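The values are calculated or read from the model by the stated rules, or taken from the named source; none is laboratory data. Fair warning: this is a prediction, and the values are worked out from it, not measured in the lab. Glycine also receives a Cβ, built like all others from the backbone with ideal geometry; neighbour counts cover every protein chain displayed. To get the accessible areas, we keep the full protein, side chains included, count just its heavy atoms, and leave off ligands, DNA and RNA. Shrake-Rupley method; radii C 1.70, N 1.55, O 1.52, S 1.80 Å.
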Amino acid sequence: MVYTSLDDLDFRFTDLPVLSRPTRVVLTTPTHFDVEYVINPHMSDNVGTVNKEVAFQQWKALRAAYTALDVTPVVLNGQPGLPDMVFCANQTLPFYQPERDRRGVVLSRMHANERRDEVPYFAELFAEQDYAVEELPGHLDVDFEGMGDAIWHPGRFLLWGGYGFRTEPAAYEALSELLDVSVLLLELQDPDYYHLDTCFCPLDSEHVLVAPAAFNDEGRAMIEKAFDTVIEAPDEEARHQFACNAHSPDGKHVLIQEGCEGTLDRLRAEGFQPIELDTSEFLKAGGSVFCMKQMIW
Ligand code: ARG
């Protein structure tokens, strides 16, 4: 089932199957990372400005942060000619079906031509790791950018699906059938928040960090219904420092771009422990922590 508004909801969140936390993280080396083209507003003044040395140091600090939290990295090499491949949340949607004890990935159909050749490298990696590698139905001509737009509700077998810029709603109809999962759709309405993961960060099953300006009333109402506590990031921090492109691997620590002071205060007030990381080189391409990793079961 795909839900677009609060009035449609015909289930209780607590009745959904429990989903365990993924414990491994895929990371892609930034060896060939750069800003070479402009496919989102954040990239527009940054073509050719990436400092690769600094980017590599920042990526290593991210990898170390995961290791320190007992999340095991699985590293894939970035490829020449694919400067955005480091954003490894986008090429797939990893899944675990609790009722079938089955894990796999659904391959993306990248909206941006420039990024289409990234996908086969991830298909190969996951096939090697014994994941079921699934595709959206062949006859369906839709864009789908993996976990850039499709985000699991922590602890529940329930998917949130952003659409409007990169992923098309029809992709979620297909995903819902393919995985036998309910999907809650959120329309994105501001080009700075072009992927759901730029404005929506579920921290645990009860808490979510959001950039309210990214959503319409319908979307905000669904988010408020599904989570006990909605933490709002100040718009400046979400828009320019990617405060909501954060990630909590354990429901306690939150890896987040450094310097998002208002967001940090609000996270701490709710009992979370932020870990600040500098992802400034990656912000130039319109990405930060969340999209530089892919959690897998
Ligand atoms: N330059 C990349 C793009 O526009 C950045 C992707 C960042 N990923 C994300 N999930 N927000 O596609």
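Points worth noting:
- Computed from backbone phi with θ = phi - 60° and the Karplus coefficients 6.51, -1.76 and 1.60, the 3J(HN,Hα) list for the stretch 209-223 is 9, 9, 10, x, 5, 6, 10, 8, 4, 4, x, 4, 5, 5, 4 Hz; x is used for glycine and proline.
- Cα pair distances in the stretch 178-297, grouped into 5 Å bins until the bin that holds the longest one, percent each: 2, 12, 23, 25, 21, 13, 4, 1, 0
- A viscosity of 1.306 mPa s and a temperature of 10 °C, combined with the Kirkwood radius over Cα pairs in Stokes-Einstein, give a translational diffusion coefficient for the stretch 1-97 of 96 µm²/s.
- The stretch 1-46 shape via C-alpha gyration tensor axes, a/c threshold 1.5: oblate
- Cα shape, the stretch 99-187, gyration tensor, a/c 1.5 rule: oblate
- Built amide H within the under 5 Å cut-off of residue 158, gap 5+: 153
- Here the accessible area of the stretch 4-127 is 48 percent carbon and sulfur, with a 1.4 angstrom probe and all protein chains present.
- Solvent-accessible surface ranking, highest first, for 21, 156 at 1.4 angstrom: 21, 156
- Directionally averaged shadow of the chain, computed from the convex hull of its alpha-carbon atoms, nm²: 13.6 nm²
- With every protein chain in place, the stretch 185-247: carbon and sulfur % of accessible area (1.4 Å): 39 percent
- Helical mean residue ellipticity (222 nm; -39500 (n - 2.57) per DSSP H run of 4+; nearest 500) of the chain: -6500 deg cm²/dmol
- For the chain, the solvent-accessible area of protein heavy atoms averages 39 Å² per residue (probe radius 1.4 Å; ligands and nucleic acids excluded).
- Between residue 257 and 277, 289, the built amide H atoms are under 5 Å apart, and every one of these is 5 or more places off in sequence or on another chain.
- 3J(HN,Hα) along the stretch 187-193, derived from phi through the Karplus expression 6.51 cos²θ - 1.76 cosθ + 1.60 where θ = phi - 60°, amounts to 7, 9, 10, 9, x, 5, 9 Hz, with x in place of Gly and Pro.
- Among beta bridges that DSSP assigns inside the chain, antiparallel share in %, nearest 5: 40 percent
- 3J(HN,Hα) along the stretch 13-25: 4, 6, 8, 6, x, 6, 10, 6, 7, x, 10, 10, 10 Hz, from the Karplus curve 6.51 cos²θ - 1.76 cosθ + 1.60 with θ = phi - 60°, whole Hz, x for Gly and Pro.
- Magnitude of the charge dipole for the chain, about its Cα centre and with charges confined to Cβ atoms of Lys, Arg (+1) and Asp, Glu (-1), is about 840 debye.
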